[in-house]
Structures are given as C-alpha cells and as structure tokens.
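Structure record follows, encoded as structure tokens.
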Amino acid sequence: MLEITGLTHSYSGDHGVLDGLDLTVADGELLSIVGPSGCGKSTLLRCIAGLVQPTSGKLVLNDKPINGVPDDLAVVFQDYSRSLFPWLTVRDNVALPLRRRGKSRAERRAAAQEALESVGLEDAGKKYPWQLSGGMQQRVSIARALAYRPSLLLMDEPFGSVDAQTREDLEDLVLKVHRDAKMTILLVTHDIDESVYIGDRVVVLNRSPARVHADLPVDLPLDRDQIETRALPDFIHLRAEVGRLVRGGATIPGAAPATGKGADKETDDPVTKAEAGDEPVAKAAVKSKGEETSVGAAGKDGSKTDS
C-alpha cells in the first residue's frame, strides 16, 4: 500500500529532519508513529501527503509515486478549529470533499449523513462547527474522512487538543472506524499509551534527523477496552518498552532494530526499566487486526456550498 525508501529531508541547508528513512505499510493496517519531540514525525506525514517535497528518497502509494497531493488520501489535523469551515454547516463540511468525486448533490448529502451517523452525530448535520464541543468537532473531521473514503488516512496528533475522557472516546471511535471501514491509517502521537492501545504496529523514530529506530508488532486482542486492555501484562510491557525506545533504550525480542548509518545504540533506561518492573519483555511479536478510519480531506474550495 505505502512504501517509503531512503526518505531524506532538510530545512534551510544543513538542518536535517529525516535521514534515509525506510518504512512499509500494509493495506488495512493501523500504524502508530512515535518518537522524541521534534524528531520529524509531522514532516514525515507532510511528505506522504504531498504537502512537502522531500530532499531525496522515494514514496509510493498504491504503486504510484507521490508527486503532489494524492487524490486518494485524507488528513486529520490536531487543530480541528482550523480544519472545519465555520460558515458551513456540519453536513456541508463533511460533504465538501465529495465534490471532487463528482457526486451529485443528493449523493453528497446521503454520504455525509451516513458518515455523521457512524461517528454518533446523526442529529448535528444542520448545526455549525462553532456550536459543537471540541470533541464533537473532531468527530466531524473524522466523518469527513469517512465520507471521502480514502485508501490512506493520515492523523497528526488528532487528539492533542481535547480533554482526557474525550481523547479516550475518540481513540475508541478510530478503532471502530478502522475495523468497519478497513482503512489504512497512519497516526502520529506523543502519547505512548495511545500508540500501543490503537496500533497494529508501533514505529519508533530516533532523534532528528530521524530514521526508524524500532518497529514493534502489537500483540493485543482485536476488541480493546480502555480499562481492561490497559491492565493487560502485554500492554504494560510493550508501553514500557516503547517508552524506553523513545528515550534511546534497547529494543525488545521480536522487534525490528534500526539499521544503517546513524542508528541509535542500545542503552538501558533505569526509569523505564523500573516502570516495567524489570521483567523480561518476552512478547511483542504478533499483530492485532484492528481496523480504522480516519480523517477528512477538506476540498480545495473553501467557498460556501449547497452540498
């Protein structure tokens, strides 16, 4: 589905952000991406979205090189207040990208209503974004992506601006959407627990200029629960190991280590070790099959529409 080879990008001369990054994402997979702050996670997503032209390297989506913004891609941003048009109703915000699909007005309205129902906002279509809470606005963004039906959904810290309870609700919504729509999703997050709870795999980037430091399969049940899943020994062990890796620690058995020039050396972080109970992490090698959907691609036309 997505193949990234030797991706390198620099800003203003010698300020390297990505350095020969290699990554493959399978069709229908939900991939969590974590790493130290400022390591290049958002730049990676922008390169995949065609919003930034990388300095070098190759990106291929559905067997086609990415040169510009792909038609079959949607993005969910952290700042929902800037990704929705305040002068359009909720329904028209969701339906807007469908104009690029050549849908009729009736088809756009039907698709928008179906998408809103899937995120629990079936009665919000005639309201405006500013009349909704932050969590509800982010649900609208997710509904817009669902209506567009992209093959790849990119989510850049999508829950960073909401409260903790709303964040958990939206995490479960993404799991449901992924499972129901069988959409390929790449989710960037700073929340280590979230990366493990949501992902089929967790990819850890090293410090900038970034490459893949470790690639960890997530061995958790397909059906996940905010309380029960987070109490499982496998969850506790894996989130501790991801935390160790983000801080520059050692990889776990079964994890794909970073290779090539500049790969991080293994270290042992006593803080994270204590958090894990210093127990051997013997399990991190299967993959769960959760499926998710993602967020909306806003159309290029920001004008008012009668979708």
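Quick one: grab the alpha carbon gyration tensor of segment 1-66, order the square roots of its eigenvalues as a ≥ b ≥ c, and give me rounded if a/c is under 1.5, else prolate or oblate depending on whether a/b is larger than b/c. Let's see the in-between values first.
Details: a/c = 2.15, a/b = 1.38, b/c = 1.55.
It comes out oblate by the Cα gyration axes.
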Would you tell me the accessible area of Ser56, worked out with a 1.4 angstrom probe on the heavy atoms of the protein chains, in Å² to the nearest 10? 50
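Largest first, what is the accessible-area ranking of His9, His190 with a 1.4 Å probe? Mind dumping the intermediate values first?
Values: His9 15, His190 105 Å².
In descending accessible area the options line up as His190, His9.
When N counts the residues of segment 61-130, how does its alpha-carbon radius of gyration compare numerically with 2.2 N^0.38 Å, as a ratio? Write down the numbers at each step before the final one.
Working: Rg = 13.8 Å, N = 70, 2.2 N^0.38 = 11.1 Å.
Taking the Cα Rg and dividing by 2.2 N^0.38 Å, one obtains 1.25.
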Out of segment 78-185, which GluC sites (Glu not before Pro) are coil in DSSP terms and have no more than 16 other C-beta atoms within 10 Å? Glu122
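The values are calculated or read from the model by the stated rules, or taken from the named source; none is laboratory data. Everything numeric here is computed off the predicted structure, so don't read it as measured data. Backbone-built Cβ (ideal geometry, glycine too); neighbour counts: all protein chains shown. These area figures cover heavy atoms from the full protein model, side chains too; ligands, DNA and RNA do not enter into them. Shrake-Rupley method; radii C 1.70, N 1.55, O 1.52, S 1.80 Å.
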